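Take a look at the structure below.
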Amino acid sequence: MIALSLAEIAEVVGGQIHAIPDPSARVTGPVVRDSREAGPGSLFVAFVGERADGHAYARQVVDAGAVAVLASRPVDAPAIVVDDVTKALGALARHVVRRLGATPVALTGSAGKTSTKDLIAQVLNSHAPTVWPEGNLNNEIGLPLTALRATDETKYLVLEMGARYIGDIAYLTQLTPPKIGLVLNVGTAHIGEFGGREQIAQAKGELVESLPADGAAILNADDPLVRAMASRTTAKVVLFGESDEADVRAENVRLTDSGQPSFRLRTPSGASDVTMRLYGEHHVSNALAAAAVAHELGMSAQEIAEALSGAGTLSRWRMEVTERPDGVTIVNDAYNANPESMRAALRALVAMGKGRRTWAVLGKMAELGDEALAEHDAVGRLAVRLNVGKLVAVGGREAAWLQLGAYNEGSWGEESVHVSDAQAAVDLLRSELRPGDVVLVKASRSVGLESVAEALLAAEGEVSAR
């Protein structure tokens with residue numbers, strides 16, 4: 001973070017100084033919410049959570065070097081006391097971003113946000129100093145924490161924006177007003193909260209509505225609901241996708257023998273070839289989105305293509321591909337799931353497993369509301385149509401719907417199975433896996449299916465990432 005005195009921070013957030021002997025003392029380190037991350041020069045933000053109260057760690061973090069605590073009540077340590085810690089954190093982020101010369105780039109979408117954010121970050125960082133979120137810090141707490149990591153040297157600030165309700169993204173854009181806004185897609189993630197795809201489009205479009213006239217809206221030409229957002233902004237509109245009308249598009253798309261996308265990247269200023277390290281054709285759209293952002297910021301087609309070809313996975317449990325010593329490949333994509341990402345992951349599994357036996361270990365997709373039965377049934381049916389070797393549905397009612405969809409589509413019998421929990425899935429796989437098999441593990445975060453992938457890898461000792 002840029003250096004700020006405690007007095008200035010208190011003024012910005014509307015807080016009261018408590019037990020601070022020297023208000024001119026400056027915060028020079030990061031702003032953190034995890035007491036374990038507190039260090040010299042830092043500011044600790046004390047949130048009250050379901051399991052822990054950050055205020056209880058006030059003395060500990062100051063002893064570790066934190067300059068002060070941002071708190072909602074007085075503590076046994078130097079503190080700036082505010083009525084609402086979350087709003088104060090947002091106000092501080094807004095103040096810092098205004099002071100910086102960095103260009104804020106914000107993205108949203110129903111699927112692929114984190115993977116695309118990681119691609120944008122790597123491409124832009126190859127060009128100039130860039131700050132981006134770790135993991136999926138995309139809400140009213142995570143976004144300010146990311147923004148506050150920027151320094152005077154930061155050229156680009158990449159921000160992921162999530163939403164569960166109408167107005168969420170509009171609020172986030174007030175905290176860190178973007179110059180470039182990217183909308184990836186409108187799918188069915190959180191459809192239970194929103195009520196329909198049109199409502200989701202309304203929420204995602206809040207990003208482009210926030211853009212200044214001299215900004216740029218990067219929109220998916222292949223998604224009609226996203227493309228229609230062009231009418232909701234006064235900013236320049238740049239289309240990406242495989243459509244001939246896209247400004248940034250992919251030509252001659254194919255997958256390598258190992259399932260990695262290769263294509264010709266075409267931009268308004270030139271073209272260059274890309275072969276990605278990531279797995280699955282769905283990453284082509286993500287790569288084009290990143291390319292459109294980078295091109296708008298002045299990078300050449302060749303520079304973008306080279307950066308995309310070298311980009312890897314930065315966030316955990318998102319298409320993490322690891323090969324065991326016995327030749328079994330584990331694809332850990334268990335961080336989250338929705339119908340769109342499930343379909344993409346299944347297609348990637350089939351591409352990776354060409355000539356090999358494939359397993360899809362799948363669990364519940366959360367927050368689908370009235371669409372839950374139909375969507376789980378459809379994913380199970382798709383596994384059959386794609387000729388996945390065996391579907392293992394893990395968990396309760398939703399998993400049963402997955403397995404039933406597969407059974408009804410293909411009458412697989414013993415080729416699809418429903419098991420009660422992660423341990424049952426591990427036991428089954430340990431007894432039936434053979435060298436050369438490819439195993440996809442995917443479900444919503446609440447299911448915790450990453451434990452299946454981790455158990456299968458731990459059982460074989462040393463492994464190598466691909």
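Taken over the range 258-315, the criterion of being among the hydroxyl-bearing types (Ser, Thr, Tyr), in contact with a Lys or Arg (Cβ under 8 Å, 6 or more places away or on another chain), modelled with pLDDT of 95 or more and closer than 20 Å to residue 352 by Cα is satisfied by 262, 309.
I'd like the full set of residues that are hydrophobic (A, V, I, L, M, F, W, C) and more than 30 Å from residue 191 (Cβ to Cβ), limited to the range 115-156. Residues satisfying the conditions are 123, 124, 128, 131, 148, 150.
Working only within the range 122-161, note down all residues that are in a helix (DSSP H, G or I), open to solvent by 10 Å² or more (accessible area, probe 1.4 Å) and touching a Leu at 6+ places or on another chain (Cβ under 8 Å). Across the range 122-161, the qualifying residues are 122, 145.
What do you reckon, is residue 251 more than 25 Å from the chain's Cα centre (by Cα), over 27 Å from residue 349 (Cα atoms) and either in a strand (DSSP E or B) or not hydrophobic (A, V, I, L, M, F, W, C) (or both)?
no
Checking each residue in the range 356-365 for being buried (at least 18 other Cβ atoms within 10 Å of the Cβ) and among the charged types (D, E, K, R) picks out only 364. Just one of 84, 63 is within 16 Å of residue 141 (Cα to Cα) and open to solvent by 10 Å² or more (accessible area, probe 1.4 Å); which is it? Residue meeting the stated conditions: 84.
Please go through the range 247-278 and give me each residue that is open to solvent by 40 Å² or more (accessible area, probe 1.4 Å) and either touching a Leu at 6+ places or on another chain (Cβ under 6 Å) or on the phi > 0 side of the Ramachandran plot (or both), ordered by number.
247, 252, listed by residue number.
If you filter the range 426-454 down to residues that are charged (D, E, K, R) and more than 25 Å from residue 385 (Cα to Cα), you find that the one that is most open to solvent (accessible area, probe 1.4 Å) is 430. From the residues in the range 289-336 that are of a type in the set (A, V, I, L, M, F, W, C) and part of a strand (DSSP E or B), which one is farthest from the chain's Cα centre (by Cα)? Within the range 289-336, the match that is farthest from the chain's Cα centre (by Cα) is 330.
Restricting attention to the range 227-246, the residues that are under 20 Å from residue 293 (Cβ atoms), open to solvent by 60 Å² or more (accessible area, probe 1.4 Å) and either modelled with pLDDT under 95 or in a loop (DSSP other than H, G, I, E, B) (or both) add up to 3.
For the range 323-342, the set of residues classified as within 27 Å of residue 126 (Cβ to Cβ) and open to solvent by less than 20 Å² (accessible area, probe 1.4 Å) consists of 331, 332, 333, listed by residue number. Number of residues in the range 299-319 that are open to solvent by 60 Å² or more (accessible area, probe 1.4 Å) and not β-branched (Val, Ile, Thr): the value is 5.
The rows are residues; the columns are (1) farther than 17 Å from residue 150 by Cβ; (2) open to solvent by less than 20 Å² (accessible area, probe 1.4 Å); (3) in contact with a strand residue (DSSP E or B) (Cβ under 6 Å, 6 or more places away or on another chain).
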{"position": "18", "(1), (2), (3)": "yes, no, yes"}
{"position": "31", "(1), (2), (3)": "no, yes, yes"}
{"position": "34", "(1), (2), (3)": "yes, no, no"}
{"position": "51", "(1), (2), (3)": "yes, no, no"}
{"position": "70", "(1), (2), (3)": "yes, yes, yes"}
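Only one of the listed residues (388, 426, 384) is farther than 21 Å from residue 347 by Cβ and β-branched (Val, Ile, Thr). That residue is 426. If you scan the range 366-382, which residues turn out to be at pLDDT below 95 and open to solvent by less than 10 Å² (accessible area, probe 1.4 Å)? Within the range 366-382, just 368 meets the criteria. With respect to the conditions (1) closer than 24 Å to residue 316 by Cα; (2) open to solvent by 50 Å² or more (accessible area, probe 1.4 Å); (3) within 26 Å of the chain's Cα centre (by Cα), residue 423 lacks only one, and its number is (3).
Within the set 77, 46, the sole residue that is touching a strand residue (DSSP E or B) at 6+ places or on another chain (Cβ under 6 Å), open to solvent by less than 20 Å² (accessible area, probe 1.4 Å) and without any contact (Cβ under 8 Å) to a residue 40 or more places away in the chain turns out to be 46.
The values are calculated or read from the model by the stated rules, or taken from the named source; none is laboratory data. Keep in mind that this is a model prediction, so the values were computed, not measured. Heads up, the Cβs are rebuilt from the backbone with ideal geometry, glycines too, and the neighbour counts pull from every protein chain shown. Just the protein is used for accessible areas: all its heavy atoms, side chains included, with ligands, DNA and RNA removed. Shrake-Rupley method; radii C 1.70, N 1.55, O 1.52, S 1.80 Å.
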